[in-house]
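Down below is the structure, laid out as structure tokens.
A short reminder: the numbers here are calculations on the coordinates, not readings from a lab. What you see is a predicted model; the values in this text were computed from it and never measured. No Cβ is skipped: glycine too gets one built from the backbone with ideal geometry, and neighbour counts run over all protein chains shown.
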Amino acid sequence: MTNSTITKLGEFQAGANYVFLGFKEIFHPKVRHFIYVPIIINLIIFSVIFYYGAQYIYHKLSFLSPTLPSWLHWLSGFLTFIKNTLLFFIFTLSIGIITLASTLCANLIAAPFNGLLSEAFSKALNGTLPSRSFGQTITQTISRELVKFLYYLPRAILLGIVAVILYFLPPVNLVIPVLFYWFSAWMMAIQYIDYPADNFHINFSTTMKKLKERRMLCLGFGLTVTLLSSIPFVNFIVMPAAVISATRLWHEKLI
């Protein structure tokens, strides 16, 4: 293993470790009163999306319970095993997608509160932030979310097109989940690290340049957030923990 590979793996692991540091600091005395609104928003959105998503999945999976003709009853045991195995994998994957989708929606709605949380934690780290009024913070955070959305959208569409093409090319289509998680990792890194960058009035293009310079560090952070966001109940507190950890990462590695 080359020194370059070891360095990249070290960067990746360091990014992941920052996420877990965020969980330890989520109830820091100077920021804990900022986490309640994001958690409540996450809880409401997850409940709504999970409820309707689970109903949709249940109806769509009905095709896995066909009525067999009498002369095929001897296959019923084997087919039941296959059906239950498919159900398990499809349900597990669907829950992960639903949970991740709810987190992405919650990020959009809770963005102003996440910006305030990041700002509060920056000050807790003895960071000196450029002055900005409360109203300016809210307005700028919302406009920044639009900038990020315009960055995500064409790339998400391109990934969707690639996924559709690969779907018809077995076994190459096995890389689709890998592409999905790596794309999500990069998007999550941008989503959360942009909060402290914005608090320092760093424009989006400059922020992206900084992230690309430490790509493996950011991917380690983003992939960990993505995986934790796909776990039901854990995802309720991932968002504020990710904001806090991204803010620390910004101060210690990117500023």
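Structure values in brief
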| read-out | value |
| --- | --- |
| Under Karplus coefficients 6.51, -1.76 and 1.60, residue-wise ³J(HN,Hα) of the stretch 230-237 in Hz, glycine/proline x | 8, 9, x, 6, 5, 5, 4, 10 |
| Karplus (6.51, -1.76, 1.60) ³J(HN,Hα), θ = phi - 60°, over the stretch 182-192, in Hz, Gly and Pro reported as x | 5, 5, 4, 4, 5, 5, 5, 4, 4, 3, 8 |
| The stretch 107-255, dipole about Cα centre (Lys/Arg Cβ +1, Asp/Glu Cβ -1), debye to the nearest 20 | 280 |
| Relative pair counts by distance (%), Cα atoms of the stretch 170-255, 10 Å bins | 18, 47, 26, 8, 1 |
| Given 30/212; 30/209; 123/253; 8/30; 8/123, the pairs whose alpha carbons are separated by over 27 Å | 30/212; 30/209; 8/30; 8/123 |
